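Down below is the structure, laid out as structure tokens.
The values are calculated or read from the model by the stated rules, or taken from the named source; none is laboratory data. In this text the structure is predicted, and so the values were computed from the model without any measurement. All Cβ positions, glycine included, derive from the backbone under ideal geometry; neighbour counts span all protein chains shown. Heads up: the accessible areas ignore ligands, DNA and RNA and are worked out on the full protein's heavy atoms, side chains in. Shrake-Rupley method; radii C 1.70, N 1.55, O 1.52, S 1.80 Å.
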Amino acid sequence: PWIRLDLARALARQGEAAEARAIIEAPLTEPRAGSDALFAAALFAEEQGRLGDAAALIGRVPPGRRSPDMARLAQRTRVAAEVDEAAAIGGFGGRQRLLTLAARQDASGATAAAVVRAFGRMNDPRGAEEAARVALAVNRSPSAAARLAIGGALLEAGLEQEAAALVSGVVNDP
């Protein structure tokens, strides 16, 4: 499946998304598609922004048979779905749900980054900044990778100064 994934990525870069998808998903038509084929297809779907498809594909791999990388992909798609659901609610309720998600313990910073990006898509820079603050308060000593993830999301939300302040000194961190 990995050669298929490489080929699909190359085709997608050339603007042949439909053909790329057909190539990566061809082995999945077999009744007993292998875990690796499902994982490769789920990775490709995630890269293409089709998070629902990625979640459905990785969901076909039983949890007990998932590698650590598969489990991380399943977690990423689950978080993305929760963030999208909360953002779709809108208003005060949606905002509170997003901030609750940002307040989760997450050493990678990925959850907070997803929430900050959601606020950015909603044109709510104050919400994005608050989500970052909440996440950093809960995850007291964030790793360099977590700070970079949240900082990148702040940058995408148009909060350049906040992003720069957060990632300053990362070069010297382990």
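For the stretch 25-41, the count of residues that are among the β-branched types (Val, Ile, Thr) and buried (at least 19 other Cβ atoms within 10 Å of the Cβ) is zero. Scanning the stretch 14-24 for residues that are closer than 12 Å to residue 4 by Cβ, of a type in the set (A, V, I, L, M) and open to solvent by 20 Å² or more (accessible area, probe 1.4 Å) returns 22, 23.
Between 114, 132, 144, 153, which is among the small types (Gly, Ala, Ser), more than 22 Å from residue 54 (Cβ to Cβ) and buried (at least 21 other Cβ atoms within 10 Å of the Cβ)? Can you show your working first?
On the way: 114 fails: more than 22 Å from residue 54 (Cβ to Cβ); 144 fails: buried (at least 21 other Cβ atoms within 10 Å of the Cβ); 153 fails: more than 22 Å from residue 54 (Cβ to Cβ).
Unique residue meeting the criteria: 132.
What are the residues in the stretch 118-129 that are assigned to a helix (DSSP H, G or I), open to solvent by 10 Å² or more (accessible area, probe 1.4 Å) and under 18 Å from residue 161 (Cβ atoms), if any? Steps first, please.
Within the stretch 118-129, the first condition is being assigned to a helix (DSSP H, G or I), and the residues that meet it are 118-121, 125-129.
If we keep only those that are open to solvent by 10 Å² or more (accessible area, probe 1.4 Å) as well, we get 120-121, 125-126, 129.
Within the stretch 118-129, 120, 125, 126, 129 meet the criteria.
Residues in the stretch 43-99 that are at pLDDT below 90 and surrounded by fewer than 14 Cβ atoms within 10 Å (Cβ to Cβ): 49, 52, 90.
In the set (1) open to solvent by less than 40 Å² (accessible area, probe 1.4 Å); (2) at pLDDT 95 or above, the condition left unmet by residue 109 is number (2).
For the stretch 1-56, a residue qualifies if it is over 18 Å from residue 70 (Cα atoms) and among the hydroxyl-bearing types (Ser, Thr, Tyr), and exactly one does: 29.
Here is a check on your reading of the model: is residue 7 more than 19 Å from residue 114 (Cβ to Cβ), open to solvent by less than 60 Å² (accessible area, probe 1.4 Å), part of a helix (DSSP H, G or I) and at pLDDT 95 or above?
no
For the structure I just gave you, tell me whether residue 22 is at pLDDT below 95 and not charged (D, E, K, R). Here the answer is no, as residue 22 does not meet what is asked.
Determine, yes or no, whether residue 163 is within 27 Å of residue 40 (Cα to Cα), open to solvent by less than 10 Å² (accessible area, probe 1.4 Å) and of a type in the set (Gly, Ala, Ser). Working first, answer last.
Details: within 27 Å of residue 40 (Cα to Cα): no; open to solvent by less than 10 Å² (accessible area, probe 1.4 Å): yes; of a type in the set (Gly, Ala, Ser): yes.
The answer is no for residue 163.
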